[in-house]
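Every read-out reported here was derived from the displayed coordinates using simple, explicitly stated rules and does not represent laboratory data. This one's a predicted model, so the numbers in the text were calculated from it and none came from an experiment. Quick reminder, even Gly has a Cβ in these numbers, built from the backbone with ideal geometry, and neighbours come from all protein chains shown.
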Amino acid sequence: MGKLVNLGITLVIGTLFGFLFFKLKVPGGMMVGALLAVSVLSVCTDFAYMPSYARVAAQITAGAFIACTVEKSDLKRLPYIIKPAAILLTGMLILNIAMGFLIHGVTNLDWVTAFMCAVPGGMSDTPIIAADMGGNGGKVAVMQFARLLTGIGLFPSLILAVTKQEKIPQREGRGRVTSGGKKNPAEFALTAVVAGVCGVIGKLSGVPVGALLFALIGVIVLKLLFDKAYLPMWMKRAAQVLSGCYIGSSVTYQDVAELKDLIPAVILLLLGYMVTCLIVGGIMAKVCGMSRRESMLAATPAGASDMALISADLGVQSPDLIVLQVVRMLVVISVFPQIINLLVHFLP
């Protein structure tokens, strides 16, 4: 009975503060608010508690929600973005591995945590994946929050300054076509069942981050073949709260005391992203015929939805830019953790 009460307290506090941060328009507010509030609860009291299946539920929901963002029109654009996508993902992987070694060298973080801190993935997904792989999800969340803040707040100004004199051509081609029509409860239920079954199979398979990966694949198949995949936005918010509560409940006083040690790692990571944005953006512009502004936006460490808004503000109207960000998100969340898991087996 005590654990149920503690679970209830944890969820209520996480939800309240998550909603507060969301209303304050903090990036990733639902997760950040829940994480901070439950971390304080965990450090100051014995009330914070989240069962392990909450992590699995959050992974399944995250995988399903990411899959629901994939559109059939994205497949039609793939032949046009294979080359820039290959350059972008190669650059991101090199950055991820190089930064992982550097972060491990300047901090006392374990290998999994160091590499996951540098993953150019989602604020909501990466910390829970890190926790599933045995890393410190709280510290990964801090680093991912710094990445998200700079990706949204700093990089657009940097890109505008670098490309101020550039004339931006309007790229031809149809825009990204999203599924129309009103979604209904039956589609939501079908998506939840497919994601749940595939996620459980993935968890039982023993594949790293299998719950998220299998749910992602299952719902993508459902979406592309039948166009029936749908999850309401409140499900994503709930998954963010679950992730924040789960990670926060594992935070200790020692973790808080060691946060100051992350400052050099944060600085290194942000410098790494800036250099990568300049170099990878430059290569994509030269090799793929993109404008430098568009290519640098593609290499910016922010999300697909953020890029849609930011790119329009900077005068770039390109459906390929959004598709590139979707491809990056899918590959980074599904493939990069597998590479990291393989890599750490060969490290001391």
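Which whole DSSP H helices in the chain pass both tests: a Cα extent of 20 Å or more along the axis and a mean Kyte-Doolittle value no lower than -0.5?
2-23, 29-44, 52-68, 72-106, 137-153, 185-205, 210-226, 233-249, 263-288, 319-334
The gain in end-to-end length when the residue 72 to residue 188 segment is fully stretched comes to 39.9 nm, 0.36 nm per residue minus the alpha carbon separation.
Under a GNM of the chain (C-alpha, springs under 10 Å), which listed residue has the highest mean-square fluctuation: 142, 275, 70? Most flexible of the set in this elastic network: 275.
What is the sum of charges, Lys and Arg at +1 and Asp and Glu at -1, for the other residues whose Cβ falls under 14 Å from the Cβ of residue 251? Spelling it out: positives minus negatives among the neighbours equals -2. Among 265, 211, 299, the largest mean-square fluctuation in a Gaussian network model of the chain (Cα springs under 10 Å) belongs to 265.
Largest GNM mean-square fluctuation across 44, 277, 198, computed for the chain with C-alpha springs under 10 Å, falls on 44.
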